[in-house]
Amino acid sequence: MPLRILLVRHGLSSFNLEQRIQGRDDLSSLTDQGAQQARRTGTALAAVPLTAVYSSPLQRARATAALLLEAHGYGQEPLHVDELLEIDLAPWSGLRRQELQERHPDQERCWREAPETMELERSDGSRYNPLAELIQQADRFAGRLLESHAASLNSERTDTVLVVAHNAILRCLMLQLLGLPPSHFRRLRLDNAAITVLNISRAENQGLQVQIESHNGTSHLEQALPPKGPGPRLLLVRHGETDWNRQGRFQGQIDIPLNAHGLAQAEAARAFLAAVPIQRAYTSSMARPRQTAEAILASHPGVPLTSSRGLMEIGHGLWEGCLESEIAAGWPQLLADWKRAPQTVQMPEGETIQQVWDRSLTTWNRIVAGLDAEETALVVAHDAVNKTILCALLGLSPADIWAVKQGNGGVTVIDYPNGAQSTPVLACLNLTGHLGGVLDQTAAGAL
């Protein structure tokens, strides 16, 4: 990808530790644990060359950036920019969360449940919407970033940019880049010192294309997954590699098994998730996800595995078994449409992405509805299936399936903190660190 953006939230701060509201007041500093997190993040990114680094000017982010870059070996100072300041919650600054609930219960509830509608009062008596202002701020930074690195978007050169900032501003930046509304703010989780990777490109005669390669990775902090809170949790995994993934053949519903590397990926996923409690497991009825699920469940004896045809890969029809070059020779316009506007394509003698979307979401929702609050379920499926589920949960559409990446053996976590009927939270997406490195190095496959 021409422009890669690495988003890192600052390490654990004194106010994080004390459960105090921080906002953009510069009263909170990095803790010893936060400093250690920053160094570990720098070490994890050491093999990734950086083109530029941007940081919030607040001390907890400045300190994180400095320690991270020292461990990374980057020899330049970051650029501190006001567009990366945290959300302005000045009337609440310094309050413990419990104090906020006691003093301002209605505002606190609104902040949790509908932050895009919440208003606060400034010291001069004027009222303002903190999230709306932050969205505008994120938009200004996004414009600055894209303008500064426009050359990489128009060439084969890859720029890798590191952005070190705060929870709310980084979530707003993601919303802006993905074209999602402020009402989706709570659908994204960002932990201290977690790494998110975005890829941005500009195709000919098209606008910007934004892809989430991975989100909220914390395995470099010796914490496999973000801690589970209340409500059910689902672990969504893509199957390991097959020979056809490696060759770039369209598999669809031809039942190709894992190759040796795919079996190794499944074993790596098993080790990665070995300490994670799992009560239920579901798989596509096809061989490659079932083999992956069975490998993971080797560390969870007694967990029942249920197969579902609703989780089968998209039916590519006449494209199945073909290389992209062969499809380009026989269906050049249809292949171009698949890459540009996948929601418009009816696979020859196969499915549409809407059909996959409908059956995948029906199956997913049935699984979620069957879970108790304390339960965690494993779901192993395919590239297109996982993408449709994730697009739906993020609030994207079938037209946006290229906006999320699913690597072979990658792990995604979705939480329902207020129960199965509540808004889902993307706790992390496409974690592949257990397969080697921060960036996804898995086979691209043919989808």
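The values are calculated or read from the model by the stated rules, or taken from the named source; none is laboratory data. Source: prediction; values computed, not measured. Every residue, glycine among them, receives a Cβ derived from its backbone with ideal geometry; neighbour counts consider all protein chains shown.
Here are the numbers for this structure:
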| read-out | value |
| --- | --- |
| Hits in segment 140-176 (condition: within 25 Å of Gln59 (Cβ to Cβ), aliphatic (A, V, I, L, M) and in contact with a His (Cβ under 9 Å, 6 or more places away or on another chain)) | Val161, Leu162, Val164, Ala165, Met174 |
| Members of segment 288-344 that are in a helix (DSSP H, G or I), surrounded by 15 or more Cβ atoms within 10 Å (Cβ to Cβ) and of a type in the set (Ser, Thr, Tyr) | Thr292, Ser299 |
| Selection within segment 355-377 - part of a helix (DSSP H, G or I) and either under 21 Å from the mean Cα position of the chain (by Cα) or surrounded by 14 or more Cβ atoms within 10 Å (Cβ to Cβ) (or both) | Gln355, Val356, Trp357, Asp358, Arg359, Ser360, Leu361, Thr363, Trp364, Asn365, Ile367, Val368 |
| Any chance Ala35 is modelled with pLDDT of 95 or more and buried (at least 20 other Cβ atoms within 10 Å of the Cβ) | no |
| Residue under evaluation Ile200, criteria (1) surrounded by 21 or more Cβ atoms within 10 Å (Cβ to Cβ); (2) within 20 Å of Ala61 (Cα to Cα), criterion not met | (2) |
| Entirely in segment 166-242, the strands (runs of 3 or more DSSP E) that have 1 or more residues that are assigned by TED's automatic domain parsing to the domain that holds Ala341 | 233-238 |
| Some residue of segment 325-348 being acidic (Asp, Glu) and in contact (Cβ under 8 Å) with a residue 24 or more places away in the chain | no |
| Only one of Val385, Val380 that is crowded, with 21+ Cβ neighbours inside 10 Å, in contact (Cβ under 8 Å) with a residue 24 or more places away in the chain and in a helix (DSSP H, G or I) | Val385 |
| Residues of segment 231-280 satisfying the condition of being small (Gly, Ala, Ser) and touching a Phe, Trp or Tyr at 6+ places or on another chain (Cβ under 8 Å) | Gly231, Gly252 |
| Segment 137-153 residues that are more than 15 Å from Arg4 (Cβ to Cβ), paired with ones that are charged (D, E, K, R) and part of a helix (DSSP H, G or I) (beta carbon under 6 Å, 6 or more apart) | Gln137/Glu83; Arg140/Glu83; Phe141/Glu83 |
| In segment 74-92, the residues that are more than 16 Å from Asp25 (Cβ to Cβ) and either part of a loop (DSSP other than H, G, I, E, B) or free of Cβ contacts under 8 Å to residues at least 12 places away in the same chain (or both) | Tyr74, Gly75, Gln76, Glu77, Pro78, Val81 |
| Close pairs (6 angstrom Cβ cut-off, 6 or more residues apart or separate chains): assigned by TED's automatic domain parsing to the domain that holds Arg366 and part of a helix (DSSP H, G or I) in segment 270-287, surrounded by fewer than 18 Cβ atoms within 10 Å (Cβ to Cβ) and not acidic (Asp, Glu) anywhere | Arg270/Ala298; Arg270/Ser299; Ala287/Pro257 |
| Residue in segment 292-307 that is in the same structural domain as Gly370 (by TED's automatic domain parsing) and over 21 Å from Ala271 (Cα atoms) present | yes |
| Selection count where residues are surrounded by 15 or more Cβ atoms within 10 Å (Cβ to Cβ) and among the charged types (D, E, K, R), scope segment 345-354 | 1 |
| Hey, Thr41 within 16 Å of Glu222 (Cβ to Cβ) and surrounded by 21 or more Cβ atoms within 10 Å (Cβ to Cβ) or not | yes |
| Lone qualifier among Ser155, Ser123 - being in a loop (DSSP other than H, G, I, E, B), more than 20 Å from Pro182 (Cα to Cα), within 27 Å of the chain's Cα centre (by Cα) and of a type in the set (Gly, Ala, Ser) | Ser155 |
| Any hit, segment 93-105, residues being among the polar types (S, T, N, Q), under 21 Å from Arg39 (Cα atoms) and not in a helix (DSSP H, G or I) | no |
| Filtered residue count, segment 169-179, keeping only those that are out of contact with any strand residue (DSSP E or B) (no Cβ under 9 Å at 6 or more places or on another chain) and either of a type in the set (Val, Ile, Thr) or surrounded by fewer than 24 Cβ atoms within 10 Å (Cβ to Cβ) (or both) | 2 |
| Segment 44-72: number of residues that are surrounded by fewer than 20 Cβ atoms within 10 Å (Cβ to Cβ), of a type outside the set (Gly, Ala, Ser) and not in a loop (DSSP other than H, G, I, E, B) | 3 |
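Matching residues to (1) surrounded by fewer than 16 Cβ atoms within 10 Å (Cβ to Cβ); (2) of a type in the set (Gly, Ala, Ser); (3) in contact with a helix residue (DSSP H, G or I) (Cβ under 8 Å, 6 or more places away or on another chain):
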{"position": "His104", "(1), (2), (3)": "no, no, yes"}
{"position": "Arg109", "(1), (2), (3)": "yes, no, no"}
{"position": "Thr117", "(1), (2), (3)": "yes, no, yes"}
{"position": "Leu120", "(1), (2), (3)": "no, no, yes"}
{"position": "Leu131", "(1), (2), (3)": "no, no, yes"}
{"position": "Ile135", "(1), (2), (3)": "no, no, yes"}
{"position": "Gly143", "(1), (2), (3)": "yes, yes, no"}
{"position": "Thr158", "(1), (2), (3)": "yes, no, yes"}
{"position": "Val164", "(1), (2), (3)": "no, no, yes"}
